[in-house]
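A quick write-up on the structure given underneath.
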Amino acid sequence: MESGMDDRGDLLARCQQGDPEAFDLLVSEMAPRLKGYFLRQGAETATADDLAQNVFVRVLQSLDRYRPAGRMGAYFLRIARNLWIDHTRRTQKVRRVEDQPEWSDARPGPLEAAETGDRAAQVQAALAELDRDARELLELAVLQKLPYKEVAELLEVPIGTVKSRVFYALRRLRERLALLDEGTE
């Protein structure tokens with residue numbers, strides 16, 4: 001719902017000015033989007049809720065330094081991405097100590113997803129098989145519909161790199177889905 005931001009003005013600027021309604025609007029608009037981002041990155045539901053809440057805490061903590069530039073959704077996703085990176089670093093250390101696999105995946109595997117015939121589950125399973133960087137790139141460029149320029153800025157890579165990585169990630173996803181489709185026939 002990024003387009004509505006311009007009509008109502010910059011909600012973060014309104015928060016800076018002390019508008020209490022602006023923060024409520026921010027939460028209602030951005031919380032589901034942030035939670036979805038964390039869930040698609042592999043977070044459990046409770047962790048996704050906590051991380052989404054932490055995004056708002058960080059936004060409030062830095063509100064005095066906020067300067068309107070670019071799209072607000074990209075600003076929130078940059079904070080979310082940084083929190084996710086921090087979270088995965090912490091949990092990887094814990095998992096290494098406990099000698100657990102890096103990604104414990106409670107979602108159904110590709111065969112179970114294919115057997116159910118649920119295309120969404122098939123896509124979810126295929127996404128889960130992509131490497132973390134490819135999943136993140138598809139999340140930002142395809143699911144969050146950020147322009148490649150903003151994805152490039154967010155990931156701190158050239159725009160050409162974003163374009164080629166999205167192309168190859170989508171191709172790997174299509175190939176994986178084709179294999180799942182073959183398994184259901």
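The values are calculated or read from the model by the stated rules, or taken from the named source; none is laboratory data. This one's a predicted model, so the numbers in the text were calculated from it and none came from an experiment. A quick note on method: Cβ atoms are made from the backbone with ideal geometry, for glycine too, and the neighbour counts reach across all protein chains shown.
Can you run down the residue pairs with Cβ atoms below 6 Å, 6 or more apart or on separate chains, where the first is in segment 28-42 and without any contact (Cβ under 8 Å) to a residue 40 or more places away in the chain and the partner is assigned to a helix (DSSP H, G or I)?
Pairs that qualify, where the first residue is without any contact (Cβ under 8 Å) to a residue 40 or more places away in the chain and the partner is assigned to a helix (DSSP H, G or I), are A31/A52; K35/A48; K35/A52; L39/A48.
With respect to A128, determine if the residue is closer than 22 Å to F38 by Cα and modelled with pLDDT of 85 or more.
Considered against the rule, which asks whether it is closer than 22 Å to F38 by Cα and modelled with pLDDT of 85 or more, A128 comes out as no.
If I filter segment 96-118 for residues that are assigned to a loop (DSSP other than H, G, I, E, B), surrounded by 14 or more Cβ atoms within 10 Å (Cβ to Cβ), at pLDDT below 90 and over 22 Å from the mean Cα position of the chain (by Cα), do I get at least one hit?
Yes - at least one qualifying residue is present in segment 96-118.
Within segment 32-49, track down each residue that is surrounded by fewer than 16 Cβ atoms within 10 Å (Cβ to Cβ) and not polar (S, T, N, Q).
If the condition is that a residue be surrounded by fewer than 16 Cβ atoms within 10 Å (Cβ to Cβ) and not polar (S, T, N, Q), then P32, G36, E44, A46 are the ones that fit.
Determine whether L127 is under 15 Å from the mean Cα position of the chain (by Cα), surrounded by 16 or more Cβ atoms within 10 Å (Cβ to Cβ) and not in a helix (DSSP H, G or I).
No; evaluated as a whole, the condition is false for this residue.
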